[in-house]
Amino acid sequence: MFMEKKLGLPSAIATGVGLIVATSCLMSLGQGTAALGTGFIITMILACAINILTALSMAELNALMPNLTGGLAQYTLAGMGPFVTILTMVGGYLVCQVIAGSVECAMFGNAINSVFDTGIPSNVLSIAMIAILIFANLHGVDLFAKIQNIVAYVLIGSLMIMGLIGSLGLGTGEPVAQPMNLAGSFPDTLGLLGLAFFLFIGCEFVIPISKSIKNERRNVPLGMVLSLVIILIMQIFLVIGMSRYTDYGTLAESASPHILYGTSILGTVGSYWMILVSALAVVSTVNSAMSSFSFMCAGMAKINLLPSFFLKKNKKGAYYIGILSIGLIEILVNATGMSTSNSLIFMINVAIVFWMVSYVISNLNVVIFRIKMPKTPRTFKVPLGPVLPIIAAVGTLFMIWNIDPNPATRNLIFMIDGIIFVVLAVYAVIWCKVRVKRPLFHAIPMHEVMAMENEMYLVAHKSKKGE
C-alpha cells in the first residue's frame, strides 16, 4: 500500500532542496549579487537564519500534531480557526504554487531555446515537461522520491561545483576587474532581505509527506534544516563566483544569470552545463511542489476547507485530483503565453508576501500552543520557549517590508496583495458560513482536528448534520 512506502533522511532533504532550488531563485541570486556583490552573502545568511527558525517551529507543530496529510492547514485550524487557515493556505500556498510553477516551466523552455535552435516554441517544451511530471506524480510517492533524490542531488552537486570553480578562480574565462563587495554598510544588506527570502522558501514541503518518512521525529526537522544549510553554502560559492567572473551591470540585466555565469567561467561547456541545471531545477521544483500540493489539498479537504474530491486517490495511492489540478492550470498558463510576461514574474513577488504571512502564522501557532498546552508532550520542541518563534515572526515581517528596495514597486505589491486578501476573505467568509458552519476565528479543538484525518470523519460529520 501507498503509506507503507518509507522514505529516509536523503529523501527528506531532497524534498526540501527540491522546491528551494528553482530557476527563478537563480535569477534572484544573480540580481542580489549584481546589487551587493559578496555583500549579498550577509543578506542570505540573515534570511536563511530566520527561515531555519521557522523550520524549527514547523517541526514542533508536526511533533505536536503528527501524521497529518496537510500539516500546516491543520495546525492553523487548531490554532486560529478556519478563516485564517483559508487565507494563509489558499493565498500562501495554492495560488503561489500555481504561479511559481508556471513561471518555472516557462523559464525552462526559454532557457533551452536561448542556447539551442530547436525550432519548437518555448511554451510547447514547457508543457511537455509539465506532462511528464504529472505522469510521474500520478505513480505515487515512491516514484516521486526516486526522481526527486536523483534530480535534487545532481542539481546541488552541479551548482556546488560551478560555485567552487568560480569562487576559487579555476574557470577558463577571464575574471572581471570589479570590487567584490558593493555593500557600503550593514543597512545596505537589509534592503534586499525580501529578495533573499525567496532563496530559502519551501523547506516545509517536507511536512506533507512526513507520514511517509522513516523516524519522522528526527528526519523531518533535520531534513528541513539541512536542506537550508546546504542551499546557503552552495549559494555563497555562487555569489563569490559571480562577483569574480560576471560584470555586475550585465548580470543585473540578464534574464538567465545562471547561463551567463556558466558561459563566463567555462565558455560553451558552461552554458550547456547550466542548461542541464535549468532542466534539473524545473524538474526538482515542480515535481516537489506538485506532490506536496496534492497532499496539502487533501489535508484541507479532510478539515472541510476544500471540496472533498481532493481526497480521492488512484491505484498508486496518489491524490490525483490535486496533481491534475495544478498540472492542468500550469499547462493552461503556459499555453496562453502568460507565463513569459514580465507582469507574471512580478506577481511571484506578490504571491511570496502571502507565503511570508503563512510563515508568520506558523510561528504564532507555536506560541499559541505553548500558552494553551504547555505540558502536552512533543517529540521535538524549539529551544528557549516562545522566544525563537517570536524572533522568526518579527524577522519575517521585516522581510515582508523589504520585499522590494524600490518604494513604488513595494507599494504596488502591497496594493495587489490587499486586493487578493479581500477576495480571499470574501471566499473564506462564504465557505465558513456555508460549508464549515463554525465561527470564523474559533479554533477547532486539536483532538477534533486530528480526528479529521480519519476518512470516516467527514462521513460521520455530514450524517450528524443530516446532509
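The values are calculated or read from the model by the stated rules, or taken from the named source; none is laboratory data. This is a predicted model, so every value here is computed, not measured. Using ideal geometry, Cβ is built from the backbone for each residue, glycine included, and neighbour counts are taken over all protein chains shown. The protein model used for the area step is the full one, side chains on, heavy atoms only, and it has no ligands, DNA or RNA in it. Shrake-Rupley method; radii C 1.70, N 1.55, O 1.52, S 1.80 Å.
For the range 358-381, backbone nitrogen atoms closer than 12 Å to the point 7 Å from Arg435 Cα along Cα-to-C-beta are found at no residue. Between Ile213 and Leu7, the built amide H atoms are under 5 Å apart, and every one of these is 5 or more places off in sequence or on another chain. Dividing the helix sum by the residues of the chain, where each DSSP H run of 4 or more adds -39500 (n - 2.57), gives a mean residue ellipticity at 222 nm of -23500 deg cm²/dmol.
Residue-wise HN-Hα couplings along the range 187-193, as the Karplus relation 6.51 cos²θ - 1.76 cosθ + 1.60 with θ = phi - 60° gives them from phi, are x, 4, 6, 6, x, 10, 4 Hz; Gly and Pro carry x. Backbone phi angles across the range 318-335, fed through the Karplus curve with coefficients 6.51, -1.76 and 1.60 (θ = phi - 60°), yield HN-Hα couplings of 8, 6, 6, 5, x, 5, 5, 4, 5, x, 5, 5, 5, 5, 4, 4, 6, 5 Hz in residue order; Gly and Pro are listed as x. Where [x] 21.6, 75; [y] 22.3, 71; [z] 20.9, 64 are the candidate values, the label of the one calculated here for Rg and Dmax of the Cα atoms in Å is [x]. The charge dipole of the chain, taken about its Cα centre with unit charges on the Cβ atoms of Lys, Arg (+1), Asp and Glu (-1) only, comes to about 2000 debye. Distances between placed amide hydrogens fall under 5 Å for Asn181 paired with Thr38, all partners being 5 or more residues away or on another chain.
Between helix 407-431 and the chain there is an angle of about 20 degrees, using the helix long axis and the longest principal axis of the Cα atoms.
Here's the picture: charge each Lys and Arg Cβ at +1 and each Asp and Glu Cβ at -1 in the chain, and of Ala428, Pro257, Met356 the one pushed furthest to the positive end of that dipole is Ala428.
Using 0.36 nm per residue, how much length does the chain from Leu276 to Asn113 gain when fully extended, once their Cα-Cα distance is taken away? Walk me through the numbers on the way to the answer.
Working: separation 163, 0.36 × 163 = 58.68 nm, distance 1.28 nm.
Additional length available on full extension: 57.4 nm.
For the peptides 35-44, 52-61, 374-383, the ranking by packing is 52-61, 35-44, 374-383, with the highest mean count of neighbouring Cβ atoms within 10 Å listed first.
Rounded to the nearest 10 degrees, the angle from helix 9-20 to the longest Cα principal axis of the chain is 70 degrees.
Here the ratio of the Cα radius of gyration of the range 216-347 to 2.2 N^0.38 Å is 1.38.
Give me the percent of the accessible area of the chain that comes from carbon and sulfur atoms, probe 1.4 Å, all protein chains in place. So the carbon and sulfur contribution to the accessible surface is 71 percent. Between the listed residues Ala111, Gly101, Gln31, the Cα displaced farthest toward the positive end of the dipole of the chain, a dipole computed from Cβ unit charges relative to the Cα centre, is found at Gly101. Between the Cα long axis of helix 140-167 and the first principal axis of the chain there is an angle of about 30°, rounded to the nearest 10.
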